[in-house]
């Protein structure tokens, strides 16, 4: 299991260090001939230094998130310029260690916001307290922020009654570790956001090399008691099943309206065995905001934009670039925050741009022409043309021609996903499904949306 | 800011100041002081001098302060063991606190204080906490047992904590179960043979129930533990799989990977024709693909594992090529791994797409990545024959870019393409030669030299090219030197007139001026070959090369199986067994997939049986159970890997003849090595069974395509041997398959005297070509069953045959007595007619008759205590004597 956990700043100075096991760093220094010092604190220093020297201060780019130095394995993730490193000497579950490091970041963010050197220094006592709770002898324990916040407060837990204490422990260890009892709202309300990122890789000729949508259903629930929820969407498997059972309503319509989901994963509150057997999504939601599910689709994706590039090299010192973008959705809808990024060679000396709509600028520091359009309705077309002057170079290596990338936001789900219902049942309290105010919105964003040129 | 000053604490004088603050009456001041101490500790300053003062702060009802003091204790207790005892009292008291959070905190911290003296005080509180009414305390106590075991294993066993821990598996709280499983698994790892984690269907059922209810981390502990279990039969295996599959939809990638591990392992036990088996295969693909949308670090772990899964079960992801396409912004470690998997998944169906992608990658920036992409193009050419031409032209395009490392990498892979498809793409050699000067890496230089040597006859200035390399011979790496030596010898054999000087030069460089024994030896071998027998040299040096395998970098099957059992863990990331990077007793066990080896797997009750001392005869019941156990595991098709490289076969052939004559005739000999017969290997032996002469052959297809239409023919031979029927190879022989055929022979074919007498020339035909080989048969197979002469006739014949026809041989080192020898010989139709004993020496008179009616008479002299026999043979056709003697020797010594 995890032997120790360290947090470094960008200089490689240790901000937090928590050692769970003695074995790390024990045999790290081969020239260590004198009997080991009684303080294992010193052993640990070796592991700490090994990571700093070999990874943080390494000359080249990091080649792997897992590093083995002198039979000690280091896992690291980086958040802005903070390094989190888990250390072990055993054959641990590597996927678990990374999942834990991400979780650790989530917990810290939930407690004190952005993970920065200053925030970590200001909250180091809290972090130690958290680490003591969520990692015991290197084994991850309950790490749900909802549960942790009930008893790791930095305020002490003096005033608790016996009932409150046992409520905390049963929540931390219990089956529904993500929600506490006795939540009350005057107004029962829930918000559902279907957030999709549409990814595309297109060849210069307009052939789709790969496209997929990775979507998330994020829920904000402000519901009283322990509500039982059921979520339904236009999943093809469910719709087809129902179509078979009931009267076969017009097949053409349902065929278009259901979508094939390649795969989906759920928050731990969802009963997976029920999904496996009946494909129904039922759960008791955590309070507040959380991610209910993630999914991925690859079939019948609505690609909101099409990029048509044309790059022509005129001699050795000039490039002519023309890019057309076409919007491909209902004319009544508006796409926003559109940005097209056209890479330019490193030896660019000057750029002239003409665009029909929006603003375009050459950004020398980013080696790209950035073309921004605030809004664009569906079924429209716009164009940019640029002349790029190049400095003559004797560099033999050709310009790698990075792909043209795009950013945008559209008010629909490119996968075609629709929320059919979200039912709320709370048998003990006297509010019914009808009393709950529900909000649903769809946002489609560009993920990695690239066209090669 | 105050907290900033916490971190900037430096001078020693402040220790004194802190001491004062720690002993302050004000709680707030105390707390701030302890915080400062912890801050200094974090940045590596030694604050152990403050031990007594900090411990004094422990007696407090402020939980935050308490936690800080505990943190300090955990770090420094070991350096001040005597003072650490001071803390024990507080711990013991805290373990009785009415607040479960404080009880748990105390037991958790006590386990972390690794001081021997404290451990004995820990036992009582721990025992109570393991049975605490609050699940939070119990789950913490469960982990504490593992901590204590790490400090003092004996103590844990003596105190019976292991049994209590086992009981916790049946706890009502899922988190307690999960932590108990984790603790037990860890303890079991350091006692490989203990039956600690007694996994049986009942406990498995409990674990599966807890699996649905516990936290994501608990699910991982349980799944990892489940993976160590070996189900009794396919039905149990299926039912576990059914209950594990829902985990594939979990948001936590580690849960998914651990579930995949369990499924991959238990799938081995399911019959392949089962519907469920197919369903399961289909269910595995989507979650694996989903892992690729996780954060890059997890993607990396997932990709390393997918690499293993694809090797073990290529069918799972064969349609998912696109998801492995590299994205521009992927971190380099993700890119490299994706590329690896793309090559593994490349097939005729998707090759066009793959090639287009690889071409894109070859223009990227990262040198390692570009190299790997270029290499991948070559590997595609070798793997998918239809694409070879496109690959070669792509590589040529890349060479035109003149980017140094691209060119070098391209040349290395083109060499392999030449090997795979000889005489097909030589037109590109000219382009390659243009880039000769830019090659500075040994591998590329060696590859280029190989190409020049191999195609010397088509390159007009091959001698000049090679000569140019020769100038700096001693500065080259060994790889290049060896290649240069061979290439020049090849050149010499192809164009002997113009290159004599060159070959002299390289031979003397290699043999006289070099310190490298490999190089010297190779030089000497060539030299001798060339000076004694140029024809033989030609046959050796210019021999047809063995086929190169289409898959490279495959993990060796037993290691692969072990790694599959470690999916999700570091072992699967490093692609190394745990023993390679874990110290001590942990990880030494090698895990196996169920049913794939004779040895029973290491866990559960099966291990107990196999570990039982062999001297104890199990009672019948046990034995039956054991046998049933074994029988129920269905055999899997994982045979030993087919030898993939031609080198092995070549080596066998070199030694073949010599070894076999030493060992005896019964061993089958490789008659036709695969490299001489376009992948067909024939080995075999001759025998006489129940009066019928048989040729027993094993045909092995080591080529890539199916072989059919086998036929066999013999050349005329000394005894008129001929096939008595057609060669019975009914089914087509698919790649890597072997078939054993028995061909009955008769002796009515055309006769021609051969040299040696027992030589047989054989022609074998299949759909590819006709192949020739010759073999020698033991003449004893021609001895007929009615070869026993009448005594009188024997005496008369012995006298009748002139003495000139008598030949005498010595059979050395034979330790049989005369009777045993006689019996043995009779089995080969050599009959003893009479036996005489003169002065302790046994004389056996024997006769045998060949199929063509020739009689052979023999006198065998056996002296007791002397391992050397003397044999005199008399025959009207004395040519056979030598062969008969060989048969004697073979029969007696076998």
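A short reminder: the numbers here are calculations on the coordinates, not readings from a lab. This structure is a prediction, so every number in the text was calculated from the model and none was measured. So basically every Cβ, Gly included, is an ideal-geometry build from the backbone, and we count neighbours across all protein chains shown.
Some points to look at:
- From its DSSP helices (H runs of at least four residues, each -39,500 (n - 2.57)), the protein assembly as shown gives a residue-normalised ellipticity at 222 nm of -12500 deg cm²/dmol.
- On the beta carbon distance between residue B:548 and residue A:58, with R0 = 35 Å, the FRET formula returns roughly 0.40.
- Spatial separation of Cα centroids for segment B:260-317 and segment B:747-786, in angstrom: 53
- Square roots of 5 times each gyration tensor eigenvalue, C-alpha, chain B, largest first, Å: 70, 41, 28
- If the segment from residue B:579 to residue B:209 were pulled out straight at 0.36 nm per residue, it would be longer than the present Cα-Cα gap by 129.9 nm.
- The Cα trace of the protein assembly as shown gives Rg and Dmax of 39.4, 130 Å, the first to one decimal, the second as a whole number.
- For peptide A:4-13, the mean count of partner chain Cβ atoms within 10 Å of a residue's Cβ comes to 1.
- Taken along the Cα-to-beta-carbon direction at a fixed 7 Å, the label points for residue B:786 and residue A:240 span 7.7 nm.
- Taking each residue as 0.36 nm, the span from residue A:207 to residue A:49 lengthens on full extension beyond its C-alpha to C-alpha distance by 51.9 nm.
- Counting every other Cβ atom within 10 Å of each residue's Cβ, B:250, B:575 order from fewest to most as B:575, B:250.
- Rounded to 10°, Cα long-axis angle of helix B:442-454 versus longest principal axis of chain B: 20
- Sorted ascending by nearby beta carbons within 10 Å, beginning with the fewest, A:432, A:143, A:427 become A:427, A:432, A:143.
- Cα long-axis angle, helix B:234-244 against chain B (0 to 90 degrees, to the nearest 10): 40
- Under the simplified labelling scheme, the residue B:402-residue A:336 pair shows an inter-label distance of 5.2 nm, with each label point 7 Å from Cα along Cα→Cβ.
- Residue A:282-residue B:200 FRET efficiency (beta carbon distance; Förster radius 35 Å; 0.05 resolution): 0.60
- Sites residue A:10 and residue B:190 - FRET efficiency at Förster radius 45 Å, r taken between beta-carbons, to 0.05: 0.70
- Radius of gyration over Kirkwood radius for segment A:264-352, both on Cα atoms: the Rg/Rh ratio is 1.24.
- Between helix B:351-361 and chain B there is an angle of about 60 degrees, using the helix long axis and the longest principal axis of the Cα atoms.
- Considering every alpha-carbon pair of segment B:782-893, the percent of pairs per 10 Å bin, from zero through the bin containing the longest distance, is 15, 52, 31, 3.
- Between residue A:118 and residue B:281, the simple label model (points 7 Å from Cα in the Cβ direction) yields a spacing of 5.9 nm.
- Distance-filtered residues of segment B:436-461 - backbone nitrogen under 20 Å, label point 7 angstrom along residue B:539 Cα→Cβ: none
- Relative exposure of A:178, A:439, B:217, judged by other C-beta atoms within 10 Å (fewest first): A:439, A:178, B:217
- Potential extension, residue B:807-residue B:690 segment - 0.36 nm per residue separation minus Cα distance: 39.1 nm
- Label point at residue B:364 placed 7 Å out along Cα→Cβ; residues across segment A:426-450 whose backbone nitrogen lies under 18 Å: A:448-450
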